[in-house]
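The values are calculated or read from the model by the stated rules, or taken from the named source; none is laboratory data. Everything quoted here is computed from the prediction, not taken from an experiment. Here the Cβ positions follow ideal geometry from the backbone for every residue, glycine too, while neighbour counts run over all protein chains shown.
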Amino acid sequence: MAARVGITKDQVIKAGIQILRETNDPTAVSMSAIASKIGIRVQSMYAHIDGSSALQRELALFSLDVLAARLTEAAIGISGTQAVRAIIQEQLKFAIEQPGMFAASIFPPGSDSEIQKAIQKVNHPMHKVLEQEQIREPQLTHWSRLVLSTIYGFAMLHRDDQLTLPIPPQNSMTYLLDVLVTDIERELKHLH
């Protein structure tokens with residue numbers, strides 16, 4: 001198969017995101033899958049992406065950017081527990097609607113400053129709200145991990161059709177949200 005002339009890194013990433021949205025599985029987005037989708041040889045991919053790890057990093061950056069924009073938008077014009085609820089609800093909605101992108105966003109940053117900044121952008125709306133309510137470290141990190149773990153677990157169970165008890169998953173999502181907001185309200189009462 002001859003390489004198409006003029007393929008850009010942006011087109012490669014867009015093809016990867018399209019595969020991610022179709023499969024909801026970051027591991028399904030491979031160099032060969034993208035090459036096949038856009039009509040180039042796998043070897044030609046290396047002109048744009050430096051291997052599988054770099055590909056997963058690009059998926060993470062794209063997904064983190066989309067998530068950060070959604071969480072920032074959810075927090076505009078509100079504060080306190082109302083903002084906490086809106087941010088968690090939007091993060092949960094993103095995780096359910098885009099489980100592959102959400103999974104891709106869970107990417108260990110190591111010393112990668114670009115990934116670190118992207119993660120900070122995702123955390124910024126919630127951290128800003130909680131800092132305004134006088135919540136500081138280590139509670140801030142504990143809270144972030146609690147929310148992420150809860151949403152990740154629920155979203156992956158939802159994605160894999162594992163929530164099979166008779167109560168609809170939507171009802172459980174509402175309950176989950178109420179429990180998390182109640183927990184932060186309890187924390188705020190201890191501080192004030």
Residue that is surrounded by the most Cβ atoms within 10 Å (Cβ to Cβ), among those in segment 107-126 that are at pLDDT 95 or above and not in a helix (DSSP H, G or I): ASP112
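Hey, can you tell me all the residues within segment 70-88 that are in a helix (DSSP H, G or I), farther than 21 Å from ALA104 by Cβ and not aliphatic (A, V, I, L, M)? Break it down into steps so the answer makes sense when it comes.
At the first step, the residues of segment 70-88 found to be in a helix (DSSP H, G or I) are 70-75, 80-88.
Remaining after also requiring farther than 21 Å from ALA104 by Cβ: 75, 80-86.
Within segment 70-88, GLY80, THR81, GLN82, ARG85 qualify.
Could you please find all residues in segment 42-51 being surrounded by fewer than 16 Cβ atoms within 10 Å (Cβ to Cβ) and either modelled with pLDDT of 95 or more or out of contact with any helix residue (DSSP H, G or I) (no Cβ under 6 Å at 6 or more places or on another chain) (or both)? Step through it out loud before you land on a result.
Quick first cut of segment 42-51, residues surrounded by fewer than 16 Cβ atoms within 10 Å (Cβ to Cβ) only: 42-43, 46-47, 50-51.
Answer for segment 42-51, where residues must be surrounded by fewer than 16 Cβ atoms within 10 Å (Cβ to Cβ) and either modelled with pLDDT of 95 or more or out of contact with any helix residue (DSSP H, G or I) (no Cβ under 6 Å at 6 or more places or on another chain) (or both): GLN43, TYR46, ALA47, ASP50, GLY51.
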Selection from segment 11-41 of residues that are exposed (fewer than 15 other Cβ atoms within 10 Å of the Cβ) and on the phi > 0 side of the Ramachandran plot: GLY39
Leading residue by the ranking (surrounded by the most Cβ atoms within 10 Å (Cβ to Cβ)) among those in segment 81-97 that are within 20 Å of ILE135 (Cα to Cα) and free of Cβ contacts under 8 Å to residues at least 60 places away in the same chain: ILE87
Check on GLY100, in the same structural domain as THR182 (by TED's automatic domain parsing), closer than 25 Å to PRO169 by Cα and in contact (Cβ under 8 Å) with a residue 40 or more places away in the chain: yes
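If you take the residues in segment 12-69 that are part of a loop (DSSP other than H, G, I, E, B) and among the hydrophobic types (A, V, I, L, M, F, W, C), which one is nearest to ALA155 (Cα to Cα)?
By that ranking, first place goes to VAL29.
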Test: residue in segment 155-169 that is closer than 24 Å to PHE102 by Cα, charged (D, E, K, R), buried (at least 16 other Cβ atoms within 10 Å of the Cβ) and modelled with pLDDT under 95: yes
